[in-house]
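The values are calculated or read from the model by the stated rules, or taken from the named source; none is laboratory data. Please read these numbers as outputs of a predicted model, since none were measured by experiment. A quick note on method: Cβ atoms are made from the backbone with ideal geometry, for glycine too, and the neighbour counts reach across all protein chains shown. Note: accessible area is taken over every heavy atom of the protein model, side chains too, but ligands, DNA and RNA are not part of it. Shrake-Rupley method; radii C 1.70, N 1.55, O 1.52, S 1.80 Å.
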Amino acid sequence: MPPPSLPPGIYYALLAALLAVVSDTCLKLVGQGYPVWQLVFANVAGAQLFVFWPLLTLRREWGVLKTPLLRFHLLRAAFGLVAVFTATIAIRLLPLPMFYSLCFTAPLVKTLMASVVVRERITGAIFGLLMLGFAGTLLIIQPDAAFKLESDTLLGVGMTAAFVLSYTCSVLVIRSRLQGEPSLTMSFYPSFVDLVVAGGLLLVLGGKAFTWPDLALNVAVGVVGALANLALVTAYKRAPVAAVSPMQYTEMVWGVAASYVFWNHLPTPLTLAGAALIILASWLVGRMRRFA
């Protein structure tokens, strides 16, 4: 008998993970000296001009932007604004494997916040797994040696924590208020708010003239990142959440490869061990919540 075929959503999920790493790698390759608002403006402008506006025009779907849930889209966009600024800073400062390892705590943070925000019950077993995942985080950042870390690394860890928290708040808004909204609506508003705010900061605070290679890389960040987002949304529509979510952990594989190819950097054994604990805890928590 031929092996059973995978749901199409799995391939979209794997593609989304790969595209996300390509986008983050382009961001790290951009030269130094540019303020964060300029980087954000350039990449979201690329996403708007080369992905969202063409899709909305070609599909004649501008009507999907008219929604009675606009205030919740804007609330999600506000959390997304914090997420994109903090992620941009963190990616520029940290090795990709370290950044992804810390980001894998997002399902654990979401579970903890859901218990407070929407009063979801946390069993003793789930609480234990949450602690296991956060223990993995401690392995990665090694707080007993934090004083030895460079200030940029400490800032990057802090920005990653802020990113995880704001991203989790964005996900909770989707879960509680925006279920069933069209993919383009979900993707357009956060990007548009990022464009307006970052553009305003660029006008007021100024920036540094891009070199042509850096401009191309930054536009690629937005375009590839937008395609990754659309691929992930499509994945969740074409396959069960239980099948899609674990595919995001392949970002670690691509992140290690990119980090080695471009910066000759490999993660430490403690980073890999911490990532393994976080992934295991997140996967088990997901399974226990689905079958509760």
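Considering only LEU195, PRO182, THR86, and ranking their Cα positions along the charge dipole of the chain that arises from unit charges at the beta-carbon of Lys, Arg, Asp and Glu, the one farthest toward the positive end is PRO182.
Within the range 194-292, the percentage of alpha carbon pairs spaced more than 24 angstrom apart rounds to 50%. The residues neighbouring PHE104, those whose beta-carbon lies less than 14 Å from its own, together hold a net charge of 0 under the Lys/Arg +1, Asp/Glu -1 convention. When the solvent-accessible area of the chain is split by element, carbon and sulfur atoms take up 71 percent of it, the probe being 1.4 Å.
Around VAL84, under 15 Å between beta carbons, what's the net of Lys plus Arg minus Asp minus Glu among the other residues?
Numbers: positive: ARG76, ARG92; negative: ASP24, ASP194.
Around VAL84, the charge tally is 0.
Taken one residue at a time, the phi angles of the range 219-230 give Karplus couplings (6.51, -1.76, 1.60, θ = phi - 60°) of 5, 4, 4, x, 5, 5, x, 5, 5, 5, 4, 5 Hz. Gly and Pro are set to x. In the chain, Cα pairs under 8 Å separated by at least six residues give a relative contact order of 46 percent. Among [x] 5, 17, 18, 18, 18, 14, 7, 3, 1, 0; [y] 7, 32, 39, 20, 2, 0; [z] 6, 26, 37, 24, 7, 1, 0, which is the computed P(r) over Cα pairs in 10 Å bins from 0, in percent? Computed from the coordinates, P(r) over Cα pairs in 10 Å bins from 0, in percent corresponds to [z].
When the chain is fully extended, how far beyond the present Cα-Cα distance does ALA125 get from THR268, taking 0.36 nm per residue of separation?
Gain on extension, ALA125 to THR268, equals 48.5 nm.
For the range 127-218, the list of trypsin sites (Lys or Arg not before Pro) that fall in a loop by DSSP and count at most 12 other C-beta atoms within 10 angstrom reads LYS208. Scalar couplings 3J(HN,Hα) for the range 266-276, obtained by applying the Karplus form with A = 6.51, B = -1.76, C = 1.60 to θ = phi - 60°, are 10, x, 6, x, 5, 5, 5, 5, x, 4, 5 Hz; x denotes Gly and Pro.
3J(HN,Hα) along the range 66-80: 8, 9, x, 9, 4, 4, 6, 5, 5, 5, 4, 5, 5, 5, x Hz, from the Karplus curve 6.51 cos²θ - 1.76 cosθ + 1.60 with θ = phi - 60°, whole Hz, x for Gly and Pro. Taking the Cβ of PHE41 as the centre, find all other residues whose Cβ is under 14 Å away and add up their charges (Lys, Arg: +1; Asp, Glu: -1). Surrounding charge for PHE41 is -1.
For the chain, what is the accessible area per residue in Å², given a 1.4 Å probe and the full set of protein chains?
Per-residue accessible area for the chain comes out at 51 Å².
The spacing between the range 202-222 and the range 75-97, judged by their C-alpha centroids, is 17 Å.
Highest mobility in the GNM of the chain, judged by mean-square fluctuation with C-alpha springs under 10 Å and restricted to PRO267, PRO97, PRO54, is found for PRO54. Classified by the C-alpha gyration tensor, the range 1-134 has a rounded form. Its axis ratio a/c, with a ≥ b ≥ c, is below 1.5. Across ALA125, ALA228, ALA78, mean-square fluctuation computed from a Gaussian network of the chain (C-alpha pairs under 10 Å connected) peaks at ALA125.
Each part reduced to its alpha carbon centroid, the range 235-270 and the range 157-181 end up 20 Å apart. With helices as the sole contributors, the chain gives -25000 deg cm²/dmol at 222 nm; each DSSP H run of n ≥ 4 counts as -39500 (n - 2.57), and the sum is divided by every residue.
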